[in-house]
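Below you'll find the structure, written out as structure tokens, and then a few comments.
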Amino acid sequence: MDLGLDGRVALVTAGSRGLGLASARALAGEGARLLIASRTPESLAEAQESIRAAGGECEVSVADMDDPAVPARLVQEAVDRWGRLDVVVANNGGPPAGTALSLDDAAIEAAVNANLLSSVRLVRAAAPHMAAGGWGRICCITSYSVVLPMPSLSLSNVARTGLYAWVRTACRELSSQGITINLACPGAHATERMRQLGGGGGPMGDPADFGRAVAFLCSQPAAYITGTTLVVDGGAVAAQP
């Protein structure tokens, strides 16, 4: 299937490792020109090298998405480099574990900033450029916790569910400008971080397959898919009582 991404310009945040990198590789494999951002210069350099070695076009930017000024800066970098921006994959690292009543205000505010507001800021900055071209695709990587809250991950539950609600609210406003916005919600995947944590207690997904799912949501054939929540978890949610 031709995803209609050849020559498109894509920005992927937290894109140097894990599922962000898998998404970036999938987009590059479809011919998209990439700007990937991450906090770590070393992992960015490795990601850029691997994408270019596979024939992809990739630029990188060291950036911390927790900084309120960063999303607009990254959007402008992409536009300055290529004159347009067509695809945004909004991603950021998850907050620490914690139970609901153990959380203090500072922890909640930090989680909301990292896993809700960072994506909102990115969409706000990108949308005018996409609207100018009459075409845009936005995919927010969250977690399957938006449909099945996990007791030990209360910060993630709060912040990511807030993003879920915002995306489902914003989708109609964006659709009138030719822009779709969706959520990709992973369960356990065989990333380096998941292996370090000891695995997911069962079979894990292939990050490359997750990346392809994100690429499809960002594709031309997905033009009529917006405001949806794609859970990619091998049936883990469906297996819950």
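With axes computed from alpha carbons, what is the tilt in degrees of helix 207-217 against the longest principal axis of the chain, rounded to the nearest 10 within 0 to 90?
With rounding to tens, the tilt is 60 degrees.
How big is the dipole moment of the chain about its Cα centre under a simple scheme where the beta carbon of each Lys and Arg is +1, that of each Asp and Glu is -1, and everything else is neutral? Debye, nearest 20, please. Please list the in-between numbers first.
On the way: 18 positive and 22 negative charges, 80 e Å.
Dipole magnitude for the chain comes out near 380 debye.
By its C-alpha gyration tensor, with a ≥ b ≥ c as the square roots of the eigenvalues, how is the stretch 106-151 shaped: rounded for a/c under 1.5, else prolate for a/b larger than b/c, else oblate?
Values: a/c = 5.82, a/b = 1.85, b/c = 3.14.
Cα axes put the stretch 106-151 in the oblate bin.
If I fit a long axis through the Cα atoms of helix 18-29 and take the longest principal axis of the Cα atoms of the chain, what angle between them do I get, 0 to 90°, rounded to 10?
Helix 18-29 sits roughly 20 degrees off the main axis of the chain.
Roughly how many nanometres apart are two label points built 7 Å out from the Cα toward the Cβ at Ile108 and Gln177?
Reported label-point gap for Ile108 and Gln177 is 3.1 nm.
Over all alpha-carbon pairs in the chain, figure out the percentage whose distance exceeds 34 Å.
Working: 2703 of 28920 pairs.
Within the chain, distances greater than 34 Å cover 9 percent of Cα pairs.
Return the FRET efficiency for the residue pair Leu230, Ala72: r is the Cβ-Cβ distance, R0 is 35 Å, and the value is rounded to the nearest 0.05.
Values: r = 27 Å, r/R0 = 0.77.
Between Leu230 and Ala72 the formula returns 0.80.
Pairwise over distinct Cα atoms, reciprocal of the mean inverse distance: report the Kirkwood radius of the stretch 1-79 in Å, one decimal place. Could the numbers behind the result be given before it?
Working: mean 1/r = 0.0810 Å⁻¹.
Over the stretch 1-79, the inverse of the mean reciprocal pair distance is 12.3 Å.
Give me the one-decimal nm value for the distance between modelled label points at Ala165 and Ala190, 7 Å along each residue's Cα-to-Cβ direction.
3.8
Find the relative contact order for the chain and round it to a whole percent, using C-alpha pairs within less than 8 Å whose residues are 6+ positions apart.
Across the chain, relative contact order equals 22 percent.
Using Stokes-Einstein with the Kirkwood hydrodynamic radius over Cα pairs, what translational diffusion coefficient do you get for the stretch 1-139 at 37 °C and a viscosity of 0.692 mPa s, in µm²/s rounded to a whole number?
So the translational diffusion coefficient is about 214 µm²/s.
Please list, in order along the stretch 184-195, the HN-Hα scalar couplings obtained from phi with the Karplus expression 6.51 cos²θ - 1.76 cosθ + 1.60 (θ = phi - 60°), rounded to whole Hz, x for Gly and Pro.
Running phi through 6.51 cos²θ - 1.76 cosθ + 1.60 with θ = phi - 60° gives 10, 10, x, x, 6, 10, 7, 8, 4, 5, 5, 5 Hz.
Using a 1.4 angstrom probe on heavy atoms only, work out the carbon and sulfur share of the accessible area of the stretch 1-115 in %.
Ligands and nucleic acids excluded, carbon and sulfur give 50 percent.
Just the number please: accessible area per residue for the stretch 18-156, 1.4 Å probe, all protein chains included, in Å². Present the calculation step by step, with values, prior to reporting the outcome.
Details: 5780 Å² over 139 residues.
Value returned for the stretch 18-156: 42 Å² of accessible area per residue.
The values are calculated or read from the model by the stated rules, or taken from the named source; none is laboratory data. On a predicted model such as this, the values are computed, not experimentally measured, just so you know. All Cβ positions, even for glycine, are placed from backbone atoms using ideal geometry, and neighbour counts span all protein chains on display. With ligands, DNA and RNA removed, areas are computed over all heavy atoms of the protein, side chains included. Shrake-Rupley method; radii C 1.70, N 1.55, O 1.52, S 1.80 Å.
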